[in-house]
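What follows is a short report on a single structure.
The values are calculated or read from the model by the stated rules, or taken from the named source; none is laboratory data. All values reported here derive from a predicted model rather than from experimental measurement. Quick reminder, even Gly has a Cβ in these numbers, built from the backbone with ideal geometry, and neighbours come from all protein chains shown. Calculation scope for accessible area: heavy atoms of the full protein, side chains included, ligands and nucleic acids excluded. Shrake-Rupley method; radii C 1.70, N 1.55, O 1.52, S 1.80 Å.
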Amino acid sequence: MKNVVRSLLLFSLVLVSQSCDDRDDNLTGPNIRIQNRSGQNFSRVEVRVDTLFYENVAADSFSDYMEFDLAFQQDTLRVEADSTVFNFVPDTVTSPLPIGLYTYQLDIDQEGELIFNFKID
């Protein structure tokens, strides 16, 4: 009986240790997700013209991460929300982001301007 308990304990430890990988352990490039901080649903978020598309990012929620070959702290965005198009063009160009997890936090202010905030996850 002791051998069965030891075997189960050992199996459980191996199983737990294998499932405890960090989410950024297997990345090969920068991964970015969209956080929709507005009250509107984003039907489409386009990063850099015709590069990557996020679809159906609900109000007050996150998209899944998408891996980029080349990403920046700020990038050109085109957001479609409730049949309205919002654009963001950065003032400055930054160095490319290293491998990691990042969030573009997007909101729409009272004047109908797209507000962009960058976050390292």
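Couple of notes before you dig in:
- Some residue of the range 108-116 being closer than 21 Å to residue 30 by Cβ and open to solvent by 50 Å² or more (accessible area, probe 1.4 Å): no
- Hits in the range 84-103 (condition: open to solvent by 80 Å² or more (accessible area, probe 1.4 Å) and without any contact (Cβ under 8 Å) to a residue 40 or more places away in the chain): 87, 89, 91, 92, 93, 95
- Hey, residue 81 within 16 Å of residue 36 (Cα to Cα), touching a Phe, Trp or Tyr at 6+ places or on another chain (Cβ under 8 Å) and surrounded by 17 or more Cβ atoms within 10 Å (Cβ to Cβ) or not: yes
- A count restricted to the range 73-121 and to residues that are in contact with a Leu (Cβ under 9 Å, 6 or more places away or on another chain) and of a type in the set (Asp, Glu) stands at 2.
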